[in-house]
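Report on the following structure.
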Amino acid sequence: MDKKVTEYIEKQKEPQKEICNKLRKIILRTLPEIKEGMKMGVPWYEGMYYLVSLKDSVNLGFSVKGLDKEDMENFAGTGEYMRHLKFKDAKEIDEAKIIKLLKLSNKKAECGSCWK
């Protein structure tokens, strides 16, 4: 686990802190080889996924470049390369759905915002 990501999450207010922690654990458990780091002030996972704590919610972003239209309907937003899921409460987190979408994006999407 990246120390700066831990610091970012620890300084969030509730319920954002709990949401970020749960989503982070799901990402790292689902994709154990993924590199975690900070980019643009928020946690990123090899340019494929991000977490951002907002005023009243948390967004989990996914790379969608290369996904078909049907796959992209699983996400909010209109971005060409990145879209997201929004959570206002940790109870909204459907772990099975998130795992499915992480695996889908990991398998089919191109890197939306890669770092090398």
Each label point is 7 Å from the Cα along the Cα-to-Cβ direction; what then is the distance between the points at K100 and T78, in nm?
2.7
Label-to-label distance, nm, for residues given as S57 and T30 (7 Å Cα→Cβ offset):
1.8
If one computes the Cα centroid of the range 5-37 and of the range 40-116, what distance in Å separates the two points?
13
Net +/- balance of residues flanking D56 in space, Cβ distance below 13 Å, scoring K and R +1, D and E -1
+1
To the nearest 500 deg cm²/dmol, what mean residue ellipticity at 222 nm is calculated for the chain from DSSP H runs of n ≥ 4 alone, each contributing -39,500 (n - 2.57), summed and divided by the residues?
-10500 deg cm²/dmol
More than 22 Å apart - percent of Cα-Cα pairs taken over the range 26-116
20
Pairs K4/K100; K35/K55; K13/K39; K22/K100: which are spaced more than 24 Å apart, C-alpha to C-alpha?
K4/K100; K35/K55
Projected onto the charge dipole of the chain (unit charges on the beta-carbon of Lys, Arg, Asp and Glu, signs +1, +1, -1, -1), the Cα from S105, V5, P32 with the largest positive-side position is that of V5
Any idea how far apart D2 and K22 come out in nm if each label point goes 7 Å out from Cα toward Cβ?
2.3
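Every number in this text was worked out from the coordinates using simple rules, so none of it is lab data. Please read all numbers here as calculations on a predicted model, not as lab measurements. Ideal geometry is used to build each Cβ from the backbone, glycine not excepted, and the neighbour counts take in all protein chains shown.
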